[in-house]
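One structure is given below, encoded as structure tokens.
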């Protein structure tokens, strides 16, 4: 039986080279002996006057009046307001003044709760991407033609569309989660809208085009401002979002593949920049947009850059983490349920004393960081988010997958998943928790189709209750803790699409 009690939640330098970025999330974790109560390693974020930096500011009270006072403080401190979200009391600002944080604290007075730099590198929006690394160094970004992408997702060779017939029979993953049986009951409702927070969706892929909601698609990578231009949400440097979208809702049309929920609509919410980064202001924009458009589900196959873990005991990181937390909570209140990838570092997220973070910040020079249980992988470790680990075709935990008792909700297939890609409007396989999470987003979309009255909290509870108990297995020497009903590898078990619609 599945328990329903609330689970425990732990939850200026030269830019990193492309080679370093590829290695950021690959390989085994670094073993450390640090106590989880030890202060995390500080990462000072400073830049000389004249360098444009991005900041996130949180009002003490989330209302228009307090937000306006924070905006005035930004101007008084020599900054420029880029975007305001009065719903959650968050302001995004740019400034070229090294003393901006100190000055805005003084100017903000009792209206300002916190302020922090949202990245460690200079703002690049509006400047060309590095021609030598067009797919970008971000750990949430992707390397063109690489065997392994920077976020650990492994890519297989792609197949041109013209050589492909119907390939539903190759989708072992759909059989594993009983999506094929669920489709005998429903393919999902057109009333259900899934926000794909990712790198964009191929607008003319034959398996996706019919299910893309163009009107509700947006680009959030313009410094965190919603760009509603006609092509802003198109994929430019990555097919990651296109692959994710195919797993969620590739149409049942007699060609290619079939998604978990092939009849629901999808909105492309582009949060991955051309340089491959997902900064906090991009994610905040994405979550608020999802709430404003009354989406039913979002999929989040990423962690927010430039820190793999955002630590509440570090002021800059704490401010950005607070803003993202507010955005997730606000969109949840609007009826949006969120699925997120657990990450590809093979870490035990329930005990951060077992490793150090060698990858952050990934937009400048990484520092080997001691972290603690106030440091979280976001959005995966935020309250209310369905956190997904990755399983192989034989049902074992994927070797790259993060795990953690009380952190993982459910597992889903994530190794060698066949789905849609941009090149030639074709199909290819990728591996990662990025591929596991969209299976769960698709199941949640089917669930919402069959049970439109359910709230986000009820949906996550049902998702966990419906999951197939999966006993611990041995993978790469990583200890599996817990019972078949709830353990560190699979949480409450393998996600079950059939029970979601029954």
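The values are calculated or read from the model by the stated rules, or taken from the named source; none is laboratory data. No experiment lies behind these values; they were computed from the predicted model shown. Counting neighbours? That spans all protein chains shown, and the Cβs are built from the backbone with ideal geometry, glycine included.
Does residue 15 satisfy being surrounded by 15 or more Cβ atoms within 10 Å (Cβ to Cβ), over 27 Å from the mean Cα position of the chain (by Cα) and either at pLDDT 95 or above or within 20 Å of residue 308 (Cα to Cα) (or both)? Full working, then the answer.
Working: surrounded by 15 or more Cβ atoms within 10 Å (Cβ to Cβ): yes; over 27 Å from the mean Cα position of the chain (by Cα): no; either at pLDDT 95 or above or within 20 Å of residue 308 (Cα to Cα) (or both): yes.
Here the answer is no, as residue 15 does not meet what is asked.
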request  = Check 192, 244 and return the single one that is buried (at least 23 other Cβ atoms within 10 Å of the Cβ), touching a strand residue (DSSP E or B) at 6+ places or on another chain (Cβ under 9 Å) and farther than 28 Å from residue 82 by Cβ.
outcome  = 192
query = Considering only residues of region 265-284 that are out of contact with any helix residue (DSSP H, G or I) (no Cβ under 6 Å at 6 or more places or on another chain) and under 13 Å from residue 304 (Cα atoms), which is surrounded by the most Cβ atoms within 10 Å (Cβ to Cβ)?
reply = 281
remark   = Taking region 336-367 and keeping residues within 12 Å of residue 384 (Cβ to Cβ) and either assigned to a loop (DSSP other than H, G, I, E, B) or not assigned by TED's automatic domain parsing to the domain that holds residue 244 (or both) leaves 336
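Counting residues that are modelled with pLDDT of 95 or more, farther than 25 Å from residue 210 by Cα and more than 20 Å from the chain's Cα centre (by Cα), which helices (runs of 4 or more DSSP H) fully inside region 384-502 reach at least 3?
Numbers: elements: 433-450, 456-466, 497-501.
Output list reads 456-466.
Going through 206, 226 one at a time, which residue ends up being surrounded by fewer than 22 Cβ atoms within 10 Å (Cβ to Cβ), touching a helix residue (DSSP H, G or I) at 6+ places or on another chain (Cβ under 7 Å) and not in a loop (DSSP other than H, G, I, E, B)?
None of the others qualify; the one that does is 226.
Is there a residue in region 324-333 that is in a strand (DSSP E or B) and touching a strand residue (DSSP E or B) at 6+ places or on another chain (Cβ under 9 Å)? Break it down stepwise before answering.
As a first pass, look at region 324-333 and keep what is in a strand (DSSP E or B): none.
Looking through region 324-333, none of the residues is in a strand (DSSP E or B) and touching a strand residue (DSSP E or B) at 6+ places or on another chain (Cβ under 9 Å).
Could you go through region 338-346 and let me know if any residue there is surrounded by fewer than 24 Cβ atoms within 10 Å (Cβ to Cβ) and under 21 Å from residue 433 (Cα atoms). Give the steps one after another, and end with the answer.
The initial filter retains those residues of region 338-346 that are surrounded by fewer than 24 Cβ atoms within 10 Å (Cβ to Cβ), namely 346.
Remaining after also requiring under 21 Å from residue 433 (Cα atoms): 346.
Yes, there is a match, as at least one residue in region 338-346 is surrounded by fewer than 24 Cβ atoms within 10 Å (Cβ to Cβ) and under 21 Å from residue 433 (Cα atoms).
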key: Members of region 289-323 that are under 21 Å from residue 456 (Cβ atoms) and touching a strand residue (DSSP E or B) at 6+ places or on another chain (Cβ under 6 Å)   = 289, 290, 295, 296, 297, 298, 299, 300, 301, 321, 322, 323
ask   = Being closer than 20 Å to residue 347 by Cβ and surrounded by fewer than 22 Cβ atoms within 10 Å (Cβ to Cβ), is that true of even one residue in region 459-468?
value = no
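Scan region 174-190 residue by residue and report those that are farther than 11 Å from residue 259 by Cβ and in contact with a helix residue (DSSP H, G or I) (Cβ under 7 Å, 6 or more places away or on another chain). Break it down stepwise before answering.
First, pick out the residues of region 174-190 that are farther than 11 Å from residue 259 by Cβ: 175-178, 180-182, 184-186, 189-190.
Across region 174-190, the qualifying residues are 177, 178, 180, 181, 182, 185, 186, 189.
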key: Enumeration of residues in region 113-136 that are modelled with pLDDT under 50 and touching a strand residue (DSSP E or B) at 6+ places or on another chain (Cβ under 7 Å)   = none
task = Would you check which residues across region 191-203 are within 20 Å of residue 238 (Cα to Cα), part of a loop (DSSP other than H, G, I, E, B) and touching a helix residue (DSSP H, G or I) at 6+ places or on another chain (Cβ under 6 Å) and list them?
result = 199, 200, 201, 202
message = Being within 20 Å of residue 222 (Cα to Cα) and outside the structural domain of residue 315 (by TED's automatic domain parsing): is that true of residue 90 here?
response = yes
inquiry  = Looking only at region 379-397, count every residue that is touching a helix residue (DSSP H, G or I) at 6+ places or on another chain (Cβ under 9 Å) and more than 27 Å from residue 279 (Cα to Cα) and tell me the total.
reply    = 3
key: Candidate set: region 80-110, residues that are out of contact with any strand residue (DSSP E or B) (no Cβ under 6 Å at 6 or more places or on another chain) and part of a helix (DSSP H, G or I); chosen: the one surrounded by the fewest Cβ atoms within 10 Å (Cβ to Cβ)   = 110
